[in-house]
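Read through the structure below, which is laid out as structure tokens, and then see the notes.
Read the figures in this text as sums done on the coordinates, not as results from a lab. Just so it is clear, the structure is predicted and the values come from calculations on it, not from any experiment. Neighbour counts are summed over all protein chains in view; Cβ atoms, including those assigned to glycine, are modelled from backbone coordinates with ideal geometry.
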Amino acid sequence: MKVQYRIPLLAALGAGLMALGCGREPREAQPQSTQDDMESSSTTDAVTHVAFLRAVNGVPAEPATDFMVGDRVAFSQVGYGAVTPYLEFRSDSVTLRIRPSVPEGATAMAGTTEHLNAGRHYTLLAKPNDAGGVALSLLVDEVAPPADGKAALRVINAAPEEGKVDVDLKGASQALVSGPGSGPVSGFVDVAPVSGTLVVRRARAVLARVPDARLEPGRRYTVLLLGAAVSPAGGHEARLIDEPYAAWPQS
């Protein structure tokens, strides 16, 4: 009797397994990445070996530029004044370069070798320098949220002239944040939430304005100062960057 029922039982089990398999939707094959050192920063759950990098083109002489990480174009055709999204890169020492987008394969205008630390966020800033060339700087971006009820504000000076710049609210008697005396970026400063026109000054001279600005509590913002002696924008201009959500990890 045992011999008689062994084969039908096995057949029934096999048929059941086949039915289960037929009832499932097939999984799509996951394609292998062709850019092993670069992925979208939308996934941040595994940052032990990756850093986050974006680019800002502050070079008015070039309407579009390519930013290279190593031998690859990481950010292509970045327009003047544009801020790219963050991308993920392996934590490592890398060569960073900028070149015109046209013609293809143009010679790099500037370059620097830097180390990207795991879990950190960086801005690769290209700006004109006093000699008429291009300066390339790697800026460390803080991601810690501001104090309760506050907004956080900083200034990036992408204009060729170095020196302290202040950002204040039109009609206010005190600056919200002061830019660096040397170097292109200040630290974030916690400020009270405000609405109105932000004014960028050097000494008492107004360089640029950001109308209808709104600094909300719990958010981080960057005032980006752009400009050169001759630029498509006609002198200096300022833009307010609403920074990405501050809950990203940081080493």
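Enumerate the whole-percent occupancy of each 5 Å bin, from 0 to the last occupied one, for all C-alpha pair distances of region 142-246.
Here the calculated profile for region 142-246 is 3, 14, 25, 26, 19, 10, 3, 1, 0.
Stokes-Einstein D for region 99-188 at 10 °C, 1.306 mPa s, Kirkwood Rh over Cα pairs, in µm²/s?
Value of D from the Cα-based Kirkwood radius: 102 µm²/s.
If you take every residue apart from E62 with its C-beta less than 13 Å away from the C-beta of E62, what net charge results, scoring Lys and Arg +1 and Asp and Glu -1? Intermediate results must be reported in sequence, preceding the final value.
On the way: positive: R99, K127; negative: D66.
Counting the neighbours of E62, the net charge comes to +1.
Relative to the present Cα-Cα distance, how much length would full extension add between A118 and D242 at 0.36 nm per residue of separation?
42.3 nm
I want to make sure I understand the PRE zone here: with the label point 7 angstrom from the Cα of V140 toward its beta carbon, which residues in region 46-78 have backbone N atoms less than 11 Å away?
none
So how many Å³ per residue does the convex hull of the Cα atoms of region 35-141 work out to?
It is 93 Å³ per residue.
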